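> The structure's right below; bear with me while I get my questions together.
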Amino acid sequence: MTPSQKASAILEERRKSDKRNQQKRIREVYEKLPQIKSLDKQIKEIGFTTLSLITEGVDTRDLENKIDHLTNEKKRILKENGYPLDYMDMRYFHDKCKDTGFIGTKMCSCRKQLIIDQKYDQSNIKSQITEENFQSFNINLFSKNTNRVYGVSPYENMEYIIREVRKYINNFAFETRNIYIYGDVGRGKTFLINSIAKEILDRNFSVVYMTSTKLFKFLNDYHYAFEDRRENLEEKYRLIFDCDLLIIDDLGAESTRPADRSNLFDVVNERMNDGRPIIFSSNIDEEGLEEIYGPRIFSRIMGNNSRIFEIFGEDLRLR
């Protein structure tokens, strides 16, 4: 089964589950409130009659008013008995596409993420974000002593970063800016990007997470592959460009080659042109980034009002 077929199968099972859960809620209400079952039967019968008469050109306003009256009575009874008014309605895993995987002819982000999960080894971040997220983020690990160089404490700096990142997350549907997070090893960069990834995924956006080493290896494999193998890699390749958020972890840790710089420029440039953001984490500062990748790539990563955050302080692994 291909990743696309697997995604279709998962979405089909979701729709079946949606229907089963709805039927379970309906049975519960009918057993507790038999009058609701009677009202639904009347609404259904009058609805069929109304449709039939409309095709014959008959005025059905009285019947439509009757349906409205019965519907309001149903809502009243549900509310009096502590049920939400939509309790008997269908509830979807993803409302946006109603678990079809498509919005019109465009692939929905939920289907895209299912394919991403099949195409990429995302198991690492999937397991990490259950432990590394904003709920478990302990800001008290950061020192409250003012840093002489920066003029603020690591704690205050992290408070600011989290506040700004949360604004970015809450506005993600409209965001086109990149985020570049840097700092020495052990300062909490990966924990922070995992926390961001979880929030974005929880909002049903698609996310591809890769270390720079794995990203460049895959891109080189793709470009140097024979035609038949390249066709097999094509969907995975396109998802790097088409996912809602691309996260590149540990940028600069790889041994860069001219091909890597070219591939990075292509990824950053195309995603920026399409308004699709990237979050980078790195141990190198802005000056080091430009030195390694050159001014052309530097300007694309840092351009378009990109957000740049430095995490400083003690090595948290030693605390």
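The values are calculated or read from the model by the stated rules, or taken from the named source; none is laboratory data. These numbers come from a predicted model, not from an experiment. Cβ: placed from backbone, ideal geometry, glycine included. Neighbour counts: every protein chain shown. Just so you know, the surface numbers come from the protein's heavy atoms only, side chains and all, with ligands and any DNA or RNA stripped out. Shrake-Rupley method; radii C 1.70, N 1.55, O 1.52, S 1.80 Å.
> Could you check the range 184-198 and list, in sequence order, the residues that are in a loop (DSSP other than H, G, I, E, B) and open to solvent by 50 Å² or more (accessible area, probe 1.4 Å)?
ASP184, VAL185, listed by residue number.
> Please specify each residue of the range 131-142 satisfying the condition of being part of a helix (DSSP H, G or I) and either at pLDDT below 85 or of a type in the set (Val, Ile, Thr) (or both).
ILE139
> Let me ask something additional. Looking at GLU175 and the list (1) charged (D, E, K, R); (2) surrounded by 13 or more Cβ atoms within 10 Å (Cβ to Cβ); (3) modelled with pLDDT under 90, which single condition is not satisfied?
(3)
> If a residue has to be touching a Lys or Arg at 6+ places or on another chain (Cβ under 8 Å) and under 30 Å from THR146 (Cβ atoms) to count, how many in the range 284-313 make the cut?
Here the count works out to 6.
> Return yes or no: is LEU201 in contact with a helix residue (DSSP H, G or I) (Cβ under 6 Å, 6 or more places away or on another chain), under 20 Å from LEU114 (Cα atoms) and either assigned to a helix (DSSP H, G or I) or open to solvent by 50 Å² or more (accessible area, probe 1.4 Å) (or both)?
Answer is no for this residue.
> Give me a count of the residues in the range 204-236 that are assigned to a loop (DSSP other than H, G, I, E, B) and open to solvent by less than 60 Å² (accessible area, probe 1.4 Å).
Residues meeting the conditions: 4.
> Residues that are within 21 Å of the chain's Cα centre (by Cα): find the helices (runs of 4 or more DSSP H) completely inside the range 15-130 holding 1 or more of those.
109-119, 123-128
> Still on this structure: Tell me yes or no: at least one residue of the range 117-135 is touching a Ser or Thr at 6+ places or on another chain (Cβ under 6 Å) and without any contact (Cβ under 8 Å) to a residue 40 or more places away in the chain.
No, that holds for no residue.
> Of all residues in the range 278-288, which are closer than 18 Å to THR190 by Cβ and outside any strand (DSSP E or B)?
Within the range 278-288, ASN283, ILE284, ASP285 qualify.
> Being free of Cβ contacts under 8 Å to residues at least 24 places away in the same chain and either surrounded by 17 or more Cβ atoms within 10 Å (Cβ to Cβ) or more than 28 Å from ASP202 (Cα to Cα) (or both) is the requirement here; does VAL165 meet it?
no
> Okay, moving on. Which residue out of THR49, THR105 is surrounded by 11 or more Cβ atoms within 10 Å (Cβ to Cβ) and either β-branched (Val, Ile, Thr) or touching a residue at least 60 places away in the same chain (Cβ under 8 Å) (or both)?
Only one candidate passes the filter, namely THR49.
> Quick check on ILE181: is it within 30 Å of SER136 (Cβ to Cβ), at pLDDT 85 or above and in a helix (DSSP H, G or I)?
no
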